[in-house]
1. Determine which member of the set 155, 121, 90 is under 21 Å from residue 27 (Cβ atoms), more than 14 Å from the ligand (Cβ to nearest atom) and either crowded, with 18+ Cβ neighbours inside 10 Å or more than 13 Å from the chain's Cα centre (by Cα) (or both).
2. Just to verify a result, which residue in region 40-59, among those that are within 16 Å of the ligand (Cβ to nearest atom) and not in a helix (DSSP H, G or I), is surrounded by the fewest Cβ atoms within 10 Å (Cβ to Cβ)?
3. So, in region 1-21, of the ones that are farther than 16 Å from residue 67 by Cα, outside any helix (DSSP H, G or I) and touching a helix residue (DSSP H, G or I) at 6+ places or on another chain (Cβ under 6 Å), which residue ends up farthest from the ligand (Cβ to nearest atom)?
4. What tally of residues in region 75-87 results from selecting those that are within 16 Å of the ligand (Cβ to nearest atom) and either in a loop (DSSP other than H, G, I, E, B) or in contact with a helix residue (DSSP H, G or I) (Cβ under 6 Å, 6 or more places away or on another chain) (or both)?
5. Among the listed residues 165, 146, 102, identify the single one that is modelled with pLDDT of 95 or more and farther than 23 Å from residue 44 by Cα.
6. Could you list, in sequence order, the residues of region 22-39 that are in a helix (DSSP H, G or I) and within 16 Å of the ligand (Cβ to nearest atom)?
7. Answer yes if at least one residue in region 60-71 is in contact with a helix residue (DSSP H, G or I) (Cβ under 6 Å, 6 or more places away or on another chain), under 14 Å from residue 93 (Cβ atoms) and more than 16 Å from the ligand (Cβ to nearest atom), and no otherwise.
Ligand code: ASP
């Protein structure tokens with residue numbers, strides 16, 4: 001079984017509250033993992049709480065810290081892949097930065113959600129499950145930073161948020177999805 005590290009940074013995937021008055025980055029990702037026990041059949045999972053932020057508050061310092069953490073995990077023989085949970089508002093900026101600056105050959109897959117963890121039909125659990133599944137795949141190695149949302153694989157270089165309401169809120173323009 002692969003060893004996957006999930007780095008949590010907050011965002012709506014860890015959000016709590018009713019409708020549009022929810023707050024991002026409130027819920028421990030362990031609570032989300034507990035709702036999808038079969039994720040433990042995919043991989044052995046370790047969670048690192050990097051920060052609990054709305055992604056509008058992610059700073060360059062956070063980017064550098066994330067990059068260093070991913071690099072250290074990339075050098076750790078006990079780690080097969082990395083999943084990063086992140087808010088969607090500055091998702092593409094973090095994905096682009098990591099894609100440009102990370103030079104590791106292990107899968108790095110980012111994901112998030114459009115509905116808070118407390119919502120009816122929260123999309124975070126399935127996105128997280130699919131991100132972990134992708135991070136286990138040999139084909140996800142040496143592929144740059146990848147992203148998963150709504151059953152779709154994106155490149156961290158080209159992903160763009162194009163919608164603020166739908167669960168499939170991202171696009172890659174003319175490039176098409178991976
Ligand atoms: N404001 C939230 C964030 O970017 C939105 C989201 O995650 O979808 O953290």
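1. Sole residue among the options that is under 21 Å from residue 27 (Cβ atoms), more than 14 Å from the ligand (Cβ to nearest atom) and either crowded, with 18+ Cβ neighbours inside 10 Å or more than 13 Å from the chain's Cα centre (by Cα) (or both): 121.
2. The first filter runs over region 40-59 and keeps only residues within 16 Å of the ligand (Cβ to nearest atom), leaving 49-59.
Next, only the ones that are not in a helix (DSSP H, G or I) stay: 49-54, 58-59.
Numbers: 49: 14, 50: 18, 51: 17, 52: 16, 53: 19, 54: 18, 58: 23, 59: 11.
Result: 59.
3. Of everything passing the filter in region 1-21, 4 is farthest from the ligand (Cβ to nearest atom).
4. So the first thing to find is which residues in region 75-87 are within 16 Å of the ligand (Cβ to nearest atom), and the list is 83-87.
Applying the additional criterion that residues be either in a loop (DSSP other than H, G, I, E, B) or in contact with a helix residue (DSSP H, G or I) (Cβ under 6 Å, 6 or more places away or on another chain) (or both) yields 83, 85-87.
Qualifying residue count for the region: 4.
5. Numbers: 165 fails: modelled with pLDDT of 95 or more; 146 fails: farther than 23 Å from residue 44 by Cα.
Just one listed residue meets the conditions, 102.
6. Within region 22-39, 29, 32 qualify.
7. Yes: one or more hits.
For (1) within 14 Å of the ligand (Cβ to nearest atom); (2) part of a helix (DSSP H, G or I), each residue gets a yes or a no:
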{"site": "103", "(1), (2)": "no, no"}
{"site": "115", "(1), (2)": "yes, no"}
{"site": "134", "(1), (2)": "no, yes"}
{"site": "166", "(1), (2)": "yes, no"}
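The values are calculated or read from the model by the stated rules, or taken from the named source; none is laboratory data. Treat the numbers as computed from the prediction; the structure is a model and nothing was measured. When we count neighbours, we look across all protein chains shown, and the Cβ atoms used for this are built from the backbone with ideal geometry, even at glycine.
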